[in-house]
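Heads up: the structure comes next, in C-alpha cells.
The values are calculated or read from the model by the stated rules, or taken from the named source; none is laboratory data. The structure presented is a predicted model; accordingly, all values stated were derived computationally and were not measured. Glycine also receives a Cβ, built like all others from the backbone with ideal geometry; neighbour counts cover every protein chain displayed. SASA here: full protein model, heavy atoms, side chains in, ligands and nucleic acids out. Shrake-Rupley method; radii C 1.70, N 1.55, O 1.52, S 1.80 Å.
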Amino acid sequence: YATLELPWIIPELREDRGEIAAAQEGHLPIVVTRRDLQGDFQCHTTFSDGDDSLEAMAEAARAAGLRYIVVSDHAGRDGLRPEACDAILAEVARVNQRFGGEFRVIAGVEVGIQIDGTLEWPDEALARMEFVIASFHTDFGLPQAQMTARLLAALRHPYVDMIGHPTGRFLGKRESSALNMEIVLQAAADYGVAFEINAWPQRLDLSDVYLRRATALGVPLAISSSAHDRDGFAVLEFGVAMARRGWVAARHLLNTRSANEVLEWRKRRLLRHRGKV
C-alpha cells in the first residue's frame, strides 16, 4: 500500500467495487465495528420457538455487552396469537423492572407477511407493541412481480418498523426470493422502514451488495442475531462482518442508538408514514 501510495484498505472492502478510487480520493468509509452495537433487533424466547426465557435472554444479551434487545417472538399462524399481547407486555415490564434501567427490553413481535401482503396479526394488536418486524416465512417462490408487490404492501403498513431477512435466502437450502430490490429499497427509504441484516450464518440477509445500495438510498438498517437461546448473540459478529463488506457505517444502523433513541425514531417514523397515506 505504501509503494502504491494508497491508504490501508480493510480486507472486507477488497471486492473491486470502487474501494481503490475511494482510497485515492480519501473517501474510504469508516465502517461499523462490533463495539458500536448497543442493541439487538431480533431474538426469540419460550413465548414462541426459543429455548430460553425472556429474563435469561436479557441476562445473556447484557453479558454480551448489549444495553437492550428487541424481543420479537413469532406472531401469526405458526406463532403467537394476538391474545398473547397482554402476557408479552407484562413479562417485558417485569424484566425491565428487575434490571432497574441498567438494561432494556423493547416489546416487539415478528409477524408473518401473508401471500397477499397483509400481516398475520390485526392492527389493534400490532398497535400495542413497541416494535414490529414483518418477515416472509412462507411462499418464497412466487414470481417476481407478486413477491415485490407482497413486500411493498408490508412496507406500506403503518405499524411495520423493520423487514426481517428481506430476501428470504437460506444459504445451502434456499435461494433468495425473486424481488425487484431497487423498487423495494426505494420504498423502504420513502416510508422510513428499516431493513434487517440478519447475522445468522445461514442467512446473512441483506447481502453486502444490497447493503451498499440501501445506504446510498438512506434506508435504515439494523443488525439482528435472531438468537433463539442464550448463546445466539455470539453471531452478531457475522452481521457486523456483512455490514462492513457493504460499506455500512455506525450512523447507518439503529443498533448504534440507545433504546430511547430507537423508540423516538419509531415515533417519528409513524408520524412520517401517516403523512404519506
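Do we find that D36 is in contact with a Ser or Thr (Cβ under 6 Å, 6 or more places away or on another chain) and over 23 Å from S135 (Cβ atoms) in this structure? In short, yes. Exactly one residue out of D123, D116, D86 is at pLDDT 95 or above, open to solvent by 10 Å² or more (accessible area, probe 1.4 Å), among the acidic types (D, E) and farther than 22 Å from H44 by Cα, and it is D116. Counting residues in segment 141-153 that are at pLDDT below 95 and either assigned to a loop (DSSP other than H, G, I, E, B) or surrounded by fewer than 16 Cβ atoms within 10 Å (Cβ to Cβ) (or both) gives one or more. Taken together, L204, L211, L217 contain a single residue that is touching a helix residue (DSSP H, G or I) at 6+ places or on another chain (Cβ under 6 Å) and crowded, with 16+ Cβ neighbours inside 10 Å, which is L204. Of all residues in segment 89-113, exactly one satisfies the criterion of being under 12 Å from L54 (Cβ atoms) and surrounded by fewer than 12 Cβ atoms within 10 Å (Cβ to Cβ), namely A90. When segment 154-185 is filtered for residues that are within 15 Å of T118 (Cα to Cα), open to solvent by less than 10 Å² (accessible area, probe 1.4 Å) and in contact with a Lys or Arg (Cβ under 8 Å, 6 or more places away or on another chain), only D161 remains.
Have a look at R98, R128 and point out the one that is assigned to a loop (DSSP other than H, G, I, E, B) and among the basic types (K, R). Only one candidate passes the filter, namely R128. Determine if segment 84-94 includes at least one residue that is more than 15 Å from the chain's Cα centre (by Cα), in contact (Cβ under 8 Å) with a residue 24 or more places away in the chain and assigned to a loop (DSSP other than H, G, I, E, B). No, because not a single residue in segment 84-94 is more than 15 Å from the chain's Cα centre (by Cα), in contact (Cβ under 8 Å) with a residue 24 or more places away in the chain and assigned to a loop (DSSP other than H, G, I, E, B).
Is at least one residue of segment 177-188 closer than 30 Å to I9 by Cβ and under 16 Å from the mean Cα position of the chain (by Cα)? Checked segment 177-188: at least one residue is closer than 30 Å to I9 by Cβ and under 16 Å from the mean Cα position of the chain (by Cα). A Cβ distance below 6 Å, combined with a sequence gap of six or more or placement on separate chains, defines the contacts here; from segment 10-27, residues that are touching a residue at least 60 places away in the same chain (Cβ under 8 Å) and surrounded by 10 or more Cβ atoms within 10 Å (Cβ to Cβ) reach residues that are outside any loop (DSSP other than H, G, I, E, B) and not aliphatic (A, V, I, L, M) in the pairs E12/R244; E12/R245; L13/E19. The single residue among F131, F99, F41 that is more than 20 Å from W200 (Cα to Cα), among the aromatic types (F, W, Y) and in contact (Cβ under 8 Å) with a residue 60 or more places away in the chain turns out to be F131.
Only residues that are open to solvent by less than 40 Å² (accessible area, probe 1.4 Å) and of a type outside the set (A, V, I, L, M) were counted in segment 49-73, giving 5.
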